[in-house]
Amino acid sequence: MKRIGLLTSGGDCQALNAAMRGVVKGLSRNLDELEVYGFLNGYKGLIYGDYRLLSSGDFSGLLTKGGTILGSSRQPFKKMRIPDEKGLDKVEAMKQTYHKLNLSCIVILGGNGTQKTANLLREEGLNVIHLPKTIDNDIYGTDVTFGFQSAINIATDAIDCIHTTAASHNRVFIVEVMGHKVGWLTLYAGIAGGADIILLPEIPYDVDKVIRAINKRTKAGKGFTILAVAEGAISQKDAKLSKKEYKEKVAKRKYPSVSYELAAQIMEATGVEVRVTVPGHTQRGGSPCPYDRILCTRLGSAAAKAILDEDYGYMIAMVNGKTKRIPLEQVAGKLKTVDPDCQMIQEAKRIGISFGV
(Lines give C-alpha, C1' and ligand atoms only; values in the text may rest on other atoms or scores of the structure.)
Protein backbone atom coordinates (compact mmCIF):
# COMPACT_ATOMS: atom_id res chain seq x y z
CA MET A 1 0.00 0.00 0.00
CA LYS A 2 1.30 3.42 -0.98
CA ARG A 3 -0.07 6.39 0.94
CA ILE A 4 0.70 9.70 -0.75
CA GLY A 5 0.13 13.24 0.43
CA LEU A 6 -0.51 16.18 -1.92
CA LEU A 7 -0.05 19.81 -0.95
CA THR A 8 -0.20 23.09 -2.91
CA SER A 9 1.40 26.10 -1.26
CA GLY A 10 2.05 29.76 -2.03
CA GLY A 11 0.41 31.71 -4.85
CA ASP A 12 -1.92 29.77 -7.10
CA CYS A 13 -1.53 29.34 -10.83
CA GLN A 14 -3.40 27.76 -13.70
CA ALA A 15 -1.82 24.29 -13.76
CA LEU A 16 -1.68 23.04 -10.18
CA ASN A 17 -4.63 20.72 -10.67
CA ALA A 18 -3.16 19.34 -13.90
CA ALA A 19 0.10 18.52 -12.11
CA MET A 20 -1.67 16.71 -9.27
CA ARG A 21 -3.70 14.79 -11.84
CA GLY A 22 -0.47 13.66 -13.53
CA VAL A 23 0.94 12.37 -10.25
CA VAL A 24 -2.17 10.45 -9.27
CA LYS A 25 -2.80 8.95 -12.71
CA GLY A 26 0.84 7.90 -12.92
CA LEU A 27 0.55 6.10 -9.59
CA SER A 28 -2.95 4.65 -9.79
CA ARG A 29 -2.27 2.94 -13.10
CA ASN A 30 0.83 1.24 -11.72
CA LEU A 31 -0.20 0.32 -8.18
CA ASP A 32 -2.82 -2.11 -6.94
CA GLU A 33 -3.28 -0.23 -3.68
CA LEU A 34 -3.04 3.55 -3.36
CA GLU A 35 -4.38 6.12 -0.92
CA VAL A 36 -4.06 9.82 -1.66
CA TYR A 37 -4.47 12.45 1.05
CA GLY A 38 -4.94 16.07 0.09
CA PHE A 39 -3.83 18.66 2.64
CA LEU A 40 -6.02 21.74 2.57
CA ASN A 41 -4.73 25.29 2.22
CA GLY A 42 -1.05 24.54 1.81
CA TYR A 43 1.24 23.84 4.74
CA LYS A 44 -1.57 24.84 7.11
CA GLY A 45 -3.27 21.55 6.31
CA LEU A 46 -0.13 19.60 7.13
CA ILE A 47 0.50 21.59 10.31
CA TYR A 48 -3.02 21.35 11.71
CA GLY A 49 -4.03 17.99 10.29
CA ASP A 50 -6.62 19.40 7.93
CA TYR A 51 -6.86 16.88 5.10
CA ARG A 52 -9.18 14.58 3.24
CA LEU A 53 -8.85 11.24 1.55
CA LEU A 54 -9.18 11.75 -2.19
CA SER A 55 -10.76 9.38 -4.68
CA SER A 56 -10.05 8.92 -8.36
CA GLY A 57 -13.18 10.95 -9.06
CA ASP A 58 -11.59 13.99 -7.45
CA PHE A 59 -9.05 14.09 -10.27
CA SER A 60 -11.48 13.73 -13.13
CA GLY A 61 -11.63 16.82 -15.34
CA LEU A 62 -8.70 18.55 -13.67
CA LEU A 63 -6.48 18.88 -16.73
CA THR A 64 -8.22 22.09 -17.81
CA LYS A 65 -9.26 23.44 -14.41
CA GLY A 66 -7.28 26.39 -13.05
CA GLY A 67 -6.45 27.11 -9.42
CA THR A 68 -6.15 24.26 -6.93
CA ILE A 69 -8.87 21.98 -5.56
CA LEU A 70 -6.89 21.77 -2.31
CA GLY A 71 -6.66 25.49 -1.68
CA SER A 72 -3.42 27.29 -0.90
CA SER A 73 -1.87 29.75 1.54
CA ARG A 74 1.41 31.51 2.10
CA GLN A 75 3.49 30.20 4.99
CA PRO A 76 6.81 32.10 4.97
CA PHE A 77 9.79 29.79 5.28
CA LYS A 78 11.52 32.15 7.73
CA LYS A 79 8.62 31.66 10.15
CA MET A 80 8.44 27.87 9.95
CA ARG A 81 10.70 27.43 12.99
CA ILE A 82 8.72 30.00 14.97
CA PRO A 83 5.86 28.51 17.06
CA ASP A 84 2.34 29.68 16.20
CA GLU A 85 0.27 31.94 18.47
CA LYS A 86 -0.61 28.96 20.66
CA GLY A 87 2.99 27.81 20.95
CA LEU A 88 2.69 24.95 18.47
CA ASP A 89 5.96 23.78 16.91
CA LYS A 90 4.97 23.84 13.25
CA VAL A 91 7.76 21.59 12.00
CA GLU A 92 7.08 18.92 14.61
CA ALA A 93 3.35 19.18 13.88
CA MET A 94 3.95 18.53 10.18
CA LYS A 95 6.09 15.51 10.99
CA GLN A 96 3.45 14.14 13.33
CA THR A 97 0.72 14.49 10.71
CA TYR A 98 2.93 12.75 8.16
CA HIS A 99 3.68 9.82 10.47
CA LYS A 100 0.11 9.61 11.78
CA LEU A 101 -1.09 8.92 8.22
CA ASN A 102 1.86 6.58 7.62
CA LEU A 103 2.64 8.35 4.36
CA SER A 104 5.09 6.90 1.89
CA CYS A 105 5.77 10.35 0.45
CA ILE A 106 4.38 13.85 0.24
CA VAL A 107 4.31 15.64 -3.10
CA ILE A 108 4.62 19.39 -2.62
CA LEU A 109 3.72 21.80 -5.42
CA GLY A 110 4.94 25.37 -5.09
CA GLY A 111 7.53 28.07 -5.67
CA ASN A 112 10.73 29.14 -3.94
CA GLY A 113 9.45 29.51 -0.38
CA THR A 114 7.49 26.29 -0.68
CA GLN A 115 10.58 24.54 -1.97
CA LYS A 116 12.70 25.71 0.98
CA THR A 117 10.18 24.25 3.42
CA ALA A 118 10.04 21.04 1.35
CA ASN A 119 13.81 20.76 1.72
CA LEU A 120 13.48 21.41 5.46
CA LEU A 121 11.07 18.47 5.72
CA ARG A 122 13.53 16.35 3.75
CA GLU A 123 16.22 17.28 6.26
CA GLU A 124 13.82 16.23 9.01
CA GLY A 125 13.61 12.75 7.50
CA LEU A 126 10.38 12.89 5.48
CA ASN A 127 10.10 11.50 1.96
CA VAL A 128 9.44 14.52 -0.27
CA ILE A 129 9.02 15.25 -3.96
CA HIS A 130 8.74 18.86 -5.14
CA LEU A 131 7.08 20.07 -8.34
CA PRO A 132 8.17 23.58 -9.49
CA LYS A 133 5.23 25.94 -9.72
CA THR A 134 5.33 29.70 -10.30
CA ILE A 135 4.26 32.17 -12.95
CA ASP A 136 7.59 33.93 -12.30
CA ASN A 137 9.73 31.08 -13.73
CA ASP A 138 12.38 31.86 -11.09
CA ILE A 139 13.05 28.41 -9.63
CA TYR A 140 16.69 27.46 -9.97
CA GLY A 141 17.51 24.13 -11.62
CA THR A 142 14.60 23.86 -14.04
CA ASP A 143 14.30 25.45 -17.47
CA VAL A 144 10.64 26.22 -16.95
CA THR A 145 8.04 26.18 -14.19
CA PHE A 146 4.39 25.36 -14.73
CA GLY A 147 2.11 28.37 -14.73
CA PHE A 148 4.69 30.49 -16.54
CA GLN A 149 3.48 29.96 -20.10
CA SER A 150 -0.17 30.43 -19.13
CA ALA A 151 0.71 33.72 -17.44
CA ILE A 152 2.71 34.82 -20.50
CA ASN A 153 -0.37 34.27 -22.63
CA ILE A 154 -2.55 36.43 -20.37
CA ALA A 155 0.00 39.23 -19.95
CA THR A 156 0.65 39.24 -23.69
CA ASP A 157 -3.07 39.45 -24.38
CA ALA A 158 -3.27 42.47 -22.07
CA ILE A 159 -0.49 44.20 -24.01
CA ASP A 160 -2.15 43.25 -27.31
CA CYS A 161 -5.41 44.86 -26.18
CA ILE A 162 -3.60 48.02 -25.11
CA HIS A 163 -2.13 48.48 -28.60
CA THR A 164 -5.43 49.49 -30.18
CA THR A 165 -6.43 52.05 -27.57
CA ALA A 166 -2.88 53.42 -27.32
CA ALA A 167 -2.78 53.95 -31.07
CA SER A 168 -6.26 55.48 -31.11
CA HIS A 169 -5.47 58.11 -28.50
CA ASN A 170 -1.75 58.69 -29.11
CA ARG A 171 -0.87 57.94 -25.52
CA VAL A 172 1.86 56.28 -23.54
CA PHE A 173 0.64 53.12 -21.85
CA ILE A 174 2.35 51.23 -19.05
CA VAL A 175 1.31 47.61 -18.52
CA GLU A 176 2.47 46.41 -15.11
CA VAL A 177 3.30 42.71 -15.19
CA MET A 178 3.73 40.48 -12.14
CA GLY A 179 7.26 39.80 -10.89
CA HIS A 180 8.71 41.32 -7.73
CA LYS A 181 12.22 39.91 -7.86
CA VAL A 182 12.66 38.60 -11.40
CA GLY A 183 11.57 39.73 -14.85
CA TRP A 184 11.08 36.55 -16.86
CA LEU A 185 7.33 37.08 -17.25
CA THR A 186 7.69 40.74 -18.22
CA LEU A 187 10.50 39.95 -20.65
CA TYR A 188 8.59 37.24 -22.50
CA ALA A 189 5.23 39.03 -22.49
CA GLY A 190 6.86 42.31 -23.44
CA ILE A 191 8.56 40.83 -26.49
CA ALA A 192 5.51 38.77 -27.47
CA GLY A 193 3.24 41.79 -27.09
CA GLY A 194 5.48 44.14 -29.04
CA ALA A 195 6.26 46.48 -26.14
CA ASP A 196 8.60 49.34 -27.03
CA ILE A 197 10.20 49.55 -23.59
CA ILE A 198 10.67 46.69 -21.11
CA LEU A 199 11.74 47.35 -17.53
CA LEU A 200 12.96 44.48 -15.35
CA PRO A 201 14.13 44.16 -11.72
CA GLU A 202 17.48 42.82 -12.95
CA ILE A 203 18.20 45.90 -15.10
CA PRO A 204 17.76 49.12 -13.07
CA TYR A 205 16.50 51.79 -15.42
CA ASP A 206 17.50 55.40 -16.01
CA VAL A 207 14.26 57.41 -16.18
CA ASP A 208 15.91 59.95 -18.49
CA LYS A 209 16.70 57.19 -20.98
CA VAL A 210 13.13 55.89 -20.76
CA ILE A 211 11.88 59.39 -21.59
CA ARG A 212 14.46 59.66 -24.37
CA ALA A 213 13.17 56.43 -25.92
CA ILE A 214 9.61 57.78 -25.84
CA ASN A 215 10.65 61.09 -27.42
CA LYS A 216 12.58 59.24 -30.13
CA ARG A 217 9.42 57.33 -31.09
CA THR A 218 7.41 60.55 -31.13
CA LYS A 219 9.94 62.28 -33.42
CA ALA A 220 9.83 59.24 -35.71
CA GLY A 221 6.09 59.75 -36.13
CA LYS A 222 5.01 57.00 -33.76
CA GLY A 223 1.95 58.27 -31.96
CA PHE A 224 2.12 55.95 -28.98
CA THR A 225 4.55 54.01 -26.81
CA ILE A 226 3.91 50.88 -24.75
CA LEU A 227 5.98 49.97 -21.72
CA ALA A 228 5.95 46.51 -20.12
CA VAL A 229 7.05 47.12 -16.54
CA ALA A 230 7.68 44.41 -13.95
CA GLU A 231 6.11 45.26 -10.59
CA GLY A 232 9.59 44.91 -9.10
CA ALA A 233 11.29 47.19 -11.62
CA ILE A 234 13.63 49.68 -9.97
CA SER A 235 15.36 52.86 -11.07
CA GLN A 236 19.13 53.20 -11.01
CA LYS A 237 18.74 55.88 -8.35
CA ASP A 238 16.71 53.60 -6.08
CA ALA A 239 18.98 50.63 -6.77
CA LYS A 240 21.79 52.52 -5.03
CA LEU A 241 19.80 52.67 -1.79
CA SER A 242 20.24 50.07 0.93
CA LYS A 243 17.39 47.59 1.40
CA LYS A 244 16.31 49.46 4.51
CA GLU A 245 16.39 52.83 2.77
CA TYR A 246 14.45 51.50 -0.20
CA LYS A 247 11.78 49.93 2.02
CA GLU A 248 11.39 53.23 3.82
CA LYS A 249 11.01 55.06 0.50
CA VAL A 250 8.40 52.61 -0.75
CA ALA A 251 6.48 52.92 2.52
CA LYS A 252 6.33 56.70 2.09
CA ARG A 253 5.73 56.66 -1.67
CA LYS A 254 2.47 58.35 -2.66
CA TYR A 255 2.12 56.06 -5.66
CA PRO A 256 0.62 52.55 -5.44
CA SER A 257 3.49 51.08 -7.46
CA VAL A 258 6.57 51.90 -9.51
CA SER A 259 4.46 52.09 -12.67
CA TYR A 260 2.42 55.01 -11.35
CA GLU A 261 5.55 56.80 -10.17
CA LEU A 262 7.09 56.32 -13.60
CA ALA A 263 3.89 57.53 -15.29
CA ALA A 264 4.03 60.77 -13.29
CA GLN A 265 7.68 61.30 -14.24
CA ILE A 266 6.95 60.73 -17.94
CA MET A 267 3.97 63.11 -17.96
CA GLU A 268 5.97 65.81 -16.22
CA ALA A 269 8.88 65.49 -18.66
CA THR A 270 6.96 65.06 -21.93
CA GLY A 271 3.51 66.48 -21.39
CA VAL A 272 1.92 63.43 -23.02
CA GLU A 273 -0.92 61.47 -21.46
CA VAL A 274 0.15 58.29 -19.70
CA ARG A 275 -2.16 55.50 -18.59
CA VAL A 276 -1.31 52.52 -16.37
CA THR A 277 -2.93 49.12 -16.77
CA VAL A 278 -2.43 46.42 -14.14
CA PRO A 279 -3.62 42.94 -15.21
CA GLY A 280 -2.82 41.80 -11.66
CA HIS A 281 -4.16 38.43 -10.55
CA THR A 282 -5.76 37.73 -13.92
CA GLN A 283 -2.26 36.52 -14.82
CA ARG A 284 -2.72 33.65 -12.36
CA GLY A 285 -6.26 32.82 -13.40
CA GLY A 286 -8.23 30.86 -15.95
CA SER A 287 -7.45 27.52 -17.53
CA PRO A 288 -3.89 26.31 -18.12
CA CYS A 289 -2.70 26.74 -21.69
CA PRO A 290 -1.92 23.61 -23.76
CA TYR A 291 1.83 23.98 -23.09
CA ASP A 292 1.29 23.90 -19.32
CA ARG A 293 -1.11 20.97 -19.57
CA ILE A 294 1.57 18.96 -21.33
CA LEU A 295 4.31 20.15 -18.97
CA CYS A 296 2.29 19.25 -15.88
CA THR A 297 1.33 15.87 -17.24
CA ARG A 298 5.01 15.10 -17.84
CA LEU A 299 6.20 16.45 -14.48
CA GLY A 300 3.40 14.65 -12.64
CA SER A 301 4.15 11.38 -14.41
CA ALA A 302 7.88 11.79 -13.66
CA ALA A 303 7.06 12.43 -9.99
CA ALA A 304 4.99 9.25 -9.94
CA LYS A 305 7.96 7.32 -11.37
CA ALA A 306 10.24 8.66 -8.61
CA ILE A 307 7.70 7.51 -6.01
CA LEU A 308 7.41 4.09 -7.64
CA ASP A 309 11.22 3.90 -7.53
CA GLU A 310 11.11 5.04 -3.87
CA ASP A 311 13.63 7.72 -4.83
CA TYR A 312 12.85 10.79 -2.73
CA GLY A 313 14.26 14.21 -1.89
CA TYR A 314 14.08 15.65 -5.40
CA MET A 315 12.56 18.43 -7.42
CA ILE A 316 11.23 17.16 -10.72
CA ALA A 317 12.66 19.59 -13.26
CA MET A 318 12.48 20.11 -16.99
CA VAL A 319 16.00 20.36 -18.43
CA ASN A 320 16.66 20.51 -22.17
CA GLY A 321 13.24 19.13 -22.92
CA LYS A 322 13.56 16.16 -20.54
CA THR A 323 12.28 15.59 -17.03
CA LYS A 324 15.05 15.24 -14.48
CA ARG A 325 15.37 14.59 -10.75
CA ILE A 326 17.32 17.42 -9.10
CA PRO A 327 18.35 16.98 -5.43
CA LEU A 328 16.47 19.53 -3.33
CA GLU A 329 19.56 20.48 -1.36
CA GLN A 330 21.18 21.67 -4.61
CA VAL A 331 18.42 24.13 -5.54
CA ALA A 332 16.48 25.16 -2.42
CA GLY A 333 16.97 28.82 -1.61
CA LYS A 334 18.40 29.74 -5.01
CA LEU A 335 16.73 32.17 -7.40
CA LYS A 336 16.88 32.01 -11.21
CA THR A 337 17.14 35.58 -12.46
CA VAL A 338 17.33 37.14 -15.91
CA ASP A 339 20.92 37.70 -17.03
CA PRO A 340 21.10 41.31 -18.30
CA ASP A 341 23.65 40.18 -20.90
CA CYS A 342 21.75 37.11 -22.08
CA GLN A 343 21.15 36.43 -25.75
CA MET A 344 17.44 37.19 -25.51
CA ILE A 345 18.06 40.68 -24.11
CA GLN A 346 20.65 41.39 -26.80
CA GLU A 347 18.27 40.24 -29.52
CA ALA A 348 15.50 42.43 -28.14
CA LYS A 349 17.81 45.45 -28.07
CA ARG A 350 18.86 44.74 -31.66
CA ILE A 351 15.29 45.25 -32.90
CA GLY A 352 14.92 48.49 -30.98
CA ILE A 353 13.39 47.52 -27.64
CA SER A 354 14.65 49.78 -24.88
CA PHE A 355 15.44 48.51 -21.40
CA GLY A 356 15.93 51.99 -19.99
CA VAL A 357 19.72 51.85 -19.98
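Some notes on this structure:
- Taken together, the criteria exclude TYR246 from residues that are at pLDDT 95 or above and of a type in the set (Phe, Trp, Tyr).
- In the condition set (1) in a strand (DSSP E or B); (2) of a type outside the set (A, V, I, L, M); (3) open to solvent by 30 Å² or more (accessible area, probe 1.4 Å), THR164 is compliant with all but (1).
- THR164 being in contact with a strand residue (DSSP E or B) (Cβ under 6 Å, 6 or more places away or on another chain) and either charged (D, E, K, R) or free of Cβ contacts under 8 Å to residues at least 60 places away in the same chain (or both): no
- Residue in the stretch 37-44 that is modelled with pLDDT of 95 or more, assigned to a helix (DSSP H, G or I), open to solvent by less than 20 Å² (accessible area, probe 1.4 Å) and closer than 26 Å to GLY179 by Cβ present: yes
- Inspection of the stretch 73-89 finds a residue satisfying the criterion of being in contact with a Pro (Cβ under 9 Å, 6 or more places away or on another chain) and at pLDDT 95 or above.
- Residues (surrounded by fewer than 21 Cβ atoms within 10 Å (Cβ to Cβ) and among the polar types (S, T, N, Q)) located in the stretch 167-225: SER168, ASN170, ASN215, THR218
- Residue in the stretch 202-212 that is free of Cβ contacts under 8 Å to residues at least 12 places away in the same chain, more than 20 Å from VAL357 (Cα to Cα) and not acidic (Asp, Glu) present: no
- All conditions but one from (1) crowded, with 20+ Cβ neighbours inside 10 Å; (2) in contact with a helix residue (DSSP H, G or I) (Cβ under 6 Å, 6 or more places away or on another chain) apply to ASN112; the one that does not is (2).
This table checks each residue for (1) under 21 Å from the mean Cα position of the chain (by Cα); (2) at positive phi.
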{"site": "SER259", "(1), (2)": "yes, no"}
{"site": "VAL274", "(1), (2)": "no, no"}
{"site": "GLY280", "(1), (2)": "yes, yes"}
{"site": "ARG284", "(1), (2)": "yes, no"}
{"site": "LYS305", "(1), (2)": "no, no"}
{"site": "CYS342", "(1), (2)": "yes, no"}
{"site": "GLY352", "(1), (2)": "no, yes"}
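- Scope the stretch 307-320; condition without any contact (Cβ under 8 Å) to a residue 60 or more places away in the chain and within 18 Å of THR142 (Cβ to Cβ); matching residues: ASP311
- Members of the stretch 129-153 found to be in contact with a Cys (Cβ under 8 Å, 6 or more places away or on another chain) and of a type in the set (Ser, Thr, Tyr), listed by number: THR134, SER150
- Helices (runs of 4 or more DSSP H) enclosed by the stretch 244-349 - at least 3 residues per element that are open to solvent by less than 70 Å² (accessible area, probe 1.4 Å) and touching a strand residue (DSSP E or B) at 6+ places or on another chain (Cβ under 8 Å): 258-270, 290-308
- Cβ-Cβ distances below 9 Å connect the following pairs, each with a first residue in the stretch 257-272 that is closer than 13 Å to SER235 by Cα, a second residue that is of a type in the set (Phe, Trp, Tyr) and surrounded by 15 or more Cβ atoms within 10 Å (Cβ to Cβ), and a separation of six or more residues or different chains: LEU262/TYR205.
- Filter pass, SER104 being more than 27 Å from the chain's Cα centre (by Cα) and open to solvent by 30 Å² or more (accessible area, probe 1.4 Å): no
- Among the residues making up the stretch 138-155, those that are open to solvent by 20 Å² or more (accessible area, probe 1.4 Å) and either without any contact (Cβ under 8 Å) to a residue 60 or more places away in the chain or part of a helix (DSSP H, G or I) (or both) are GLN149, ASN153, ILE154.
- Per the listing ILE129, ILE159, ILE135, the residue uniquely part of a strand (DSSP E or B), at negative phi and crowded, with 23+ Cβ neighbours inside 10 Å is ILE129.
- Residues being open to solvent by 10 Å² or more (accessible area, probe 1.4 Å) and not in a loop (DSSP other than H, G, I, E, B) - total across the stretch 1-26: 6
- Odd one out for ASP136 among (1) within 20 Å of GLY22 (Cα to Cα); (2) touching a Gly at 6+ places or on another chain (Cβ under 8 Å): (1)
The values are calculated or read from the model by the stated rules, or taken from the named source; none is laboratory data. Remember, it's a predicted structure, so these values are computed and weren't measured experimentally. Please note: Cβ atoms are built from the backbone with ideal geometry, for glycine as well, and neighbour counts cover all protein chains shown. Only protein heavy atoms, including side chains, enter the accessible area calculation; ligands, DNA and RNA are left aside. Shrake-Rupley method; radii C 1.70, N 1.55, O 1.52, S 1.80 Å.
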